[in-house]
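The values are calculated or read from the model by the stated rules, or taken from the named source; none is laboratory data. Since this is a predicted model, take the numbers as computed values, not measurements. In this analysis, Cβ positions are derived from the backbone assuming ideal geometry, glycine residues included, and neighbour counts consider all displayed protein chains. In case anyone asks, the SASA skips ligands and DNA or RNA and just uses the protein heavy atoms, side chains included. Shrake-Rupley method; radii C 1.70, N 1.55, O 1.52, S 1.80 Å.
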Amino acid sequence: MGCDPAVPMVNLSLQYEEIRDEIDSAVLGVLEGGRFILGPEEKAFENEFALYTGVEHGIGVASGTDALFLVMRALGLGAGDEVLTTTFSFIATADSIARCGATPVLADIEPLTFNLDPGSMLERLTPRTKAIIAVHLYGHPADMDRIGEIAGSRGIFLIEDCAQAHGATLKGRKVGTFGTAAAFSFFPTKPLGGAGDGGMVCTNDPRLAERVRMLRAHGAGEKYIHEALGVNSRLDELQAALLRVKLGSLDRWNEARRTVAAIYGSGLEGVQTPFVAPGVEHVYHQYTVRTDRRDELKRELDVAGVGSNIYYPVPIHLQPCFKYLGYSAGDLPVSEKASKEVVSLPMYYGITPEQTHRVCEAVNEALA
Ligand SMILES: *Cc1c(COP(=O)(O)O)cnc(C)c1O
């Protein structure tokens, strides 16, 4: 293994290997207990993750996508409402808006952080704008001071999409605490990932929390009395038990990725390395570099056996499923340019310094 020149994009088994005994006994405990949905592990994980994030309420759901959808449903958003968000994100940020019946309105990004540009947002606000979804892309917090100001001064709901940013902070405050509510994903590759799908809604609003709790279980308040049309979207006991164990390592694993980022930062040449805004603690869900020779670089890395991925090659406003929104190429130029220039490099807990150096060499050789 030591001299294998290949470096994978991600390797999740290293997390498991490190805390195998604890995970095994947590998972076996659920199997032996025979309780699989809405049981004690889920309840405990909701409390522990809410405490970790610094909010009053956590509600476990089946995915990050459902967390976004259920927040908007619980806020009563639907037909005729507009929800403003970034075009440079995973599709779930916007498709959950459409699934609620509301209209996604897409804004451009800041070129350095790849996050929502408050100026572009202001141009797209209308009297129908009911909510803003800020995404902390790649694990770097969005500009929550200015975005919060825009939402707050107009009485618009602010929702955080924290799917890539568990534990990231801005001026010492964790993401997930800035808005009306936040959505987290526990998809396996996210900073805190399960062995399958999972998600959580975080909020300080007790009524919103109750509403999400009801909607995730077919809209039932009292058992078999259905107050509203809900969905079936729960975080199961096996995932919750595993996530409880992994939560204990999250800060350490985030720190380890920052160490890898520091090696990349000093070893890479010829690419723009990630910007970190003042007061930000980045968690590097992705380590994303930028170059106008991106396609060539990606090809060379493939040949060298070095993993890489493009997040995201097509901004949301140009996705076929959103053709009906009427955007054209050129409408959100900063995001369109980014989508042609970004490439993410191997970044995961347990990547060795040797592998990290190998990635730097491969990038530097490709662009030399
Ligand atoms: C992963 C992700 C989601 C969706 O989470 P799932 O758990 O996969 O449904 C939403 N938004 C962003 C930015 C993501 O990266």
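Of the residues Tyr284, Tyr348, which is under 25 Å from Thr169 (Cα atoms), out of contact with any strand residue (DSSP E or B) (no Cβ under 6 Å at 6 or more places or on another chain) and open to solvent by 20 Å² or more (accessible area, probe 1.4 Å)? Full working, then the answer.
Working: Tyr348 fails: open to solvent by 20 Å² or more (accessible area, probe 1.4 Å).
Unique residue meeting the criteria: Tyr284.
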Exercise for review: Could you check, for the stretch 13-28, whether at least one of its residues is surrounded by 13 or more Cβ atoms within 10 Å (Cβ to Cβ), hydroxyl-bearing (Ser, Thr, Tyr), in a loop (DSSP other than H, G, I, E, B) and at pLDDT 95 or above?
Suggested key: no
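So how many residues does the stretch 179-228 have that are in a loop (DSSP other than H, G, I, E, B), β-branched (Val, Ile, Thr) and under 16 Å from the mean Cα position of the chain (by Cα)?
Residues of the stretch 179-228 that are in a loop (DSSP other than H, G, I, E, B), as a first pass: 179-180, 186-198, 204-205, 216, 218-219, 221-225, 227-228.
The next check asks that each one be β-branched (Val, Ile, Thr); those that pass are 180, 189, 225.
Now drop any that are not under 16 Å from the mean Cα position of the chain (by Cα), which leaves 189.
Matching residues across the stretch 179-228 total 1.
Report whether or not Ala366 is over 28 Å from Leu14 (Cα atoms), over 25 Å from the mean Cα position of the chain (by Cα) and surrounded by 17 or more Cβ atoms within 10 Å (Cβ to Cβ). Full working, then the answer.
Values: over 28 Å from Leu14 (Cα atoms): yes; over 25 Å from the mean Cα position of the chain (by Cα): yes; surrounded by 17 or more Cβ atoms within 10 Å (Cβ to Cβ): yes.
Taking the combined requirement at face value, the residue satisfies it.
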Practice item. Return only the number of the condition from (1) farther than 21 Å from Ala44 by Cα; (2) touching a His at 6+ places or on another chain (Cβ under 7 Å) that Glu227 does not satisfy. Key: (2)
Check your understanding: Is it the case that Gly270 is out of contact with any Cys (no Cβ under 8 Å at 6 or more places or on another chain) and on the phi > 0 side of the Ramachandran plot?
Key -> yes
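In the stretch 71-91, which residues are in a helix (DSSP H, G or I) and under 20 Å from the mean Cα position of the chain (by Cα)? Talk me through it step by step, then tell me what you get.
Filtering the stretch 71-91 down to residues in a helix (DSSP H, G or I) leaves 71-74.
Residues satisfying the conditions are Val71, Met72, Arg73.
Collect the residues in the stretch 264-282 that are in a helix (DSSP H, G or I) and free of Cβ contacts under 8 Å to residues at least 24 places away in the same chain, keeping them in residue-number order. Quick ask: steps written out before the conclusion?
First, the residues of the stretch 264-282 that are in a helix (DSSP H, G or I): 264-267.
Those that are in a helix (DSSP H, G or I) and free of Cβ contacts under 8 Å to residues at least 24 places away in the same chain: Gly265, Ser266.
Closer than 26 Å to Pro274 by Cα and within 16 Å of the ligand (Cβ to nearest atom) - does that describe any residue in the stretch 15-29?
Of the stretch 15-29, the ones closer than 26 Å to Pro274 by Cα are 15.
Restricting the remaining residues to those that are within 16 Å of the ligand (Cβ to nearest atom) gives none.
There is no residue in the stretch 15-29 that is closer than 26 Å to Pro274 by Cα and within 16 Å of the ligand (Cβ to nearest atom).
When you scan the stretch 37-50, do you find a residue that is of a type in the set (A, V, I, L, M, F, W, C) and open to solvent by 50 Å² or more (accessible area, probe 1.4 Å), even just one? Talk me through it step by step, then tell me what you get.
First pass over the stretch 37-50, keeping only residues of a type in the set (A, V, I, L, M, F, W, C): 37-38, 44-45, 49-50.
From the residues that got through so far, the ones that are open to solvent by 50 Å² or more (accessible area, probe 1.4 Å) too are 37-38.
There is at least one residue in the stretch 37-50 that is of a type in the set (A, V, I, L, M, F, W, C) and open to solvent by 50 Å² or more (accessible area, probe 1.4 Å).
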**Study point:** Qualifying positions in the stretch 63-91 - more than 9 Å from the ligand (Cβ to nearest atom), closer than 18 Å to Leu332 by Cα and among the hydrophobic types (A, V, I, L, M, F, W, C)
**Key:** Val83, Leu84, Phe88
Exercise for review: Would you point out which residue out of Asp197, Asp205, Asp236 is within 12 Å of the ligand (Cβ to nearest atom), open to solvent by 10 Å² or more (accessible area, probe 1.4 Å) and in contact (Cβ under 8 Å) with a residue 12 or more places away in the chain?
Suggested key: Asp197
Exercise for review: Could you run through the stretch 239-258 and say how many residues are in a loop (DSSP other than H, G, I, E, B) and surrounded by fewer than 15 Cβ atoms within 10 Å (Cβ to Cβ)?
Suggested key: 1
Point to revise | Positions within the stretch 73-91 being surrounded by 22 or more Cβ atoms within 10 Å (Cβ to Cβ) and under 30 Å from Thr273 (Cα atoms), in sequence order | key: Leu84, Thr85, Thr86, Thr87, Phe88, Ser89
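Helices (runs of 4 or more DSSP H) wholly in the stretch 92-178 with at least 2 residues that are within 16 Å of the ligand (Cβ to nearest atom) and under 18 Å from the mean Cα position of the chain (by Cα) - which ones? Can you show your working first?
Values: elements: 92-99, 118-124, 144-154.
Ranges flagged: 92-99, 144-154.
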Study note, to complete from the structure: Inside the stretch 288-342, the number of residues satisfying the requirement of being open to solvent by 70 Å² or more (accessible area, probe 1.4 Å) and in a helix (DSSP H, G or I) is 12
Check your understanding: Out of curiosity, is Arg213 more than 16 Å from the ligand (Cβ to nearest atom), open to solvent by 40 Å² or more (accessible area, probe 1.4 Å) and in contact with a strand residue (DSSP E or B) (Cβ under 6 Å, 6 or more places away or on another chain)?
Key -> yes
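Give me the residue from the stretch 92-119 that is among the hydroxyl-bearing types (Ser, Thr, Tyr) and open to solvent by less than 10 Å² (accessible area, probe 1.4 Å) and, out of that set, nearest to Leu332 (Cα to Cα).
Taking the stretch 92-119 and keeping what is among the hydroxyl-bearing types (Ser, Thr, Tyr), we get 93, 96, 103, 113.
Those still in the list that are open to solvent by less than 10 Å² (accessible area, probe 1.4 Å) too: 93, 96.
Working: Thr93: 17, Ser96: 21 Å.
Checking each candidate, the answer is Thr93.
Working only within the stretch 44-66, note down all residues that are touching a residue at least 60 places away in the same chain (Cβ under 8 Å) and part of a helix (DSSP H, G or I). Spell out the reasoning first.
Here is the first cut: in the stretch 44-66, the ones touching a residue at least 60 places away in the same chain (Cβ under 8 Å) are 44-46, 48-50, 52-66.
The answer is Ala44, Phe45, Glu46, Glu48, Phe49, Ala50, Tyr52, Thr53, Gly64, Thr65, Asp66.
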Review point. If we scan the stretch 355-368, do we find a residue that is hydrophobic (A, V, I, L, M, F, W, C) and at pLDDT below 95?
Key: yes
